[in-house]
Amino acid sequence: MDELMQDVAPEAPLGAIPGLPDYTQRGGTISIIAGPCSVESREQFDVIAACIAEEGLSWVRGGAFKPRTNPHSFEGLGEEGLRIMADAGARYGLKVLTEVMDSAHCELVHEYADGLQIGARNCQNYSLLRTIGEVSAESKKLVFYKRGMATTISEWLSAVDYITAAGNDNVMLCERGMRTFENATRYTLDIAAVPVVHKQSFIPICVDVSHPAGVRDIVPSLAYAAIAAGADALMIEIHPNPAHAKSDAAQQLNLEQFRGLLSNLRELAASFGKTLV
Ligand code: PEP
Ligand code: MN
């Protein structure tokens with residue numbers, strides 16, 4: 001009987017430490033926002049969306065308008081990319097998150113997507129923040145606001161008001177690593193941003209574990225760290241054939257690696273009394 005009980009009993013979440021606040025306990029779920037760096041074709045995005053839906057998750061990400069360091073690199077499929085994502089989202093029952101790079105694209109992206117991403121390079125583009133807030137004031141679609149690579153937490157939290165004052169307070173922050181002297185990784189992931197944000201605001205915070213890594217083999221470690229720090233969501237780049245990806249080929253996980261990571265993340269999340277959605 002005892003054995004049977006052990007099989008069905010939910011894992012007890014890690015307890016709070018006497019005398020210290022517990023910044024890991026915000027909500028009972030952790031959203032996983034996975035998808036390719038860039039939407040490349042209908043086939044590519046479809047197989048990714050199918051995998052995410054099969055895993056019982058709710059969101060898929062993809063880039064249609066890509067901020068590239070060099071203007072001769074692949075800049076995304078634009079509106080065709082938005083259409084591909086919206087179609088797959090409808091087919092598999094997933095919400096779609098994608099970046100808005102330019103104020104001129106706000107209405108267009110808002111038409112197709114469920115979540116509007118403000119990329120790191122636009123963190124302090126205040127007119128873009130305001131326009132995104134205005135465009136989504138009625139729909140209250142998610143505004144996914146990434147931290148700039150040289151933005152302090154205080155500057156970041158303060159600028160959220162551009163979005164909320166324009167009429168939409170459905171905001172999620174995203175820590176994605178910053179520039180430091182260290183170059184063993186692409187960016188230095190500021191994992192402490194999670195408890196600091198939880199301490200200073202009620203805004204949920206995601207950790208993008210792919211862009212700070214830059215290479216796929218350390219993505220799992222960053223994902224474990226993000227959950228342990230109390231992240232409300234994780235962003236993970238995945239691709240059916242990462243070696244042939246048109247952007248960020250080195251950091252994307254293939255679908256088998258993604259499934260393996262999810263299985264470990266589910267166990268880790270359970271130890272905090274949380275489930276992945
Ligand atoms: C992205 O998420 O596609 C992206 C370009 O990220 P970042 O703005 O963090 O570089
Ligand atoms: Mn990318």
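The values are calculated or read from the model by the stated rules, or taken from the named source; none is laboratory data. Keep in mind the model is a prediction, meaning the values are calculated, not measured. Please note: Cβ atoms are built from the backbone with ideal geometry, for glycine as well, and neighbour counts cover all protein chains shown. The accessibility values were calculated without ligands, DNA or RNA, using every heavy atom of the protein model including side chains. Shrake-Rupley method; radii C 1.70, N 1.55, O 1.52, S 1.80 Å.
Numbers below:
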{"quantity": "Tally of residues being part of a strand (DSSP E or B) and away from ligand 2 (no atom under 15 Å from the Cβ) across the range 201-242", "calculated": "2"}
{"quantity": "Count of the range 198-210 residues which are open to solvent by 20 Å² or more (accessible area, probe 1.4 Å) and under 15 Å from the mean Cα position of the chain (by Cα)", "calculated": "2"}
{"quantity": "The range 27-58, residues that are outside any helix (DSSP H, G or I), away from ligand 1 (no atom under 13 Å from the Cβ) and within 17 Å of residue 142 (Cβ to Cβ)", "calculated": "27, 29, 30, 31, 32, 57, 58"}
{"quantity": "Residue 270 vs. criteria surrounded by fewer than 22 Cβ atoms within 10 Å (Cβ to Cβ), out of contact with any helix residue (DSSP H, G or I) (no Cβ under 8 Å at 6 or more places or on another chain) and in contact (Cβ under 8 Å) with a residue 40 or more places away in the chain", "calculated": "yes"}
{"quantity": "Residue that is of a type in the set (A, V, I, L, M), away from ligand 2 (no atom under 16 Å from the Cβ) and in contact with a strand residue (DSSP E or B) (Cβ under 8 Å, 6 or more places away or on another chain), where the choices are 165, 193, 245", "calculated": "193"}
{"quantity": "First in the range 76-93 and closer than 21 Å to residue 58 by Cβ, second anywhere and open to solvent by 10 Å² or more (accessible area, probe 1.4 Å) and in a helix (DSSP H, G or I), Cβ under 6 Å, 6 or more apart", "calculated": "82/112; 84/42; 86/112; 88/46; 92/53"}
{"quantity": "Residue 25 vs. criteria of a type in the set (S, T, N, Q) and more than 30 Å from residue 271 (Cα to Cα)", "calculated": "no"}
{"quantity": "Selection within the range 248-266 - in a helix (DSSP H, G or I) and either over 14 Å from residue 226 (Cα atoms) or among the polar types (S, T, N, Q) (or both)", "calculated": "255, 256, 257, 258, 259, 260, 263, 264"}
{"quantity": "Count - residues of the range 38-61 that are open to solvent by less than 10 Å² (accessible area, probe 1.4 Å) and either over 25 Å from residue 203 (Cβ atoms) or in contact with a Cys (Cβ under 8 Å, 6 or more places away or on another chain) (or both)", "calculated": "6"}
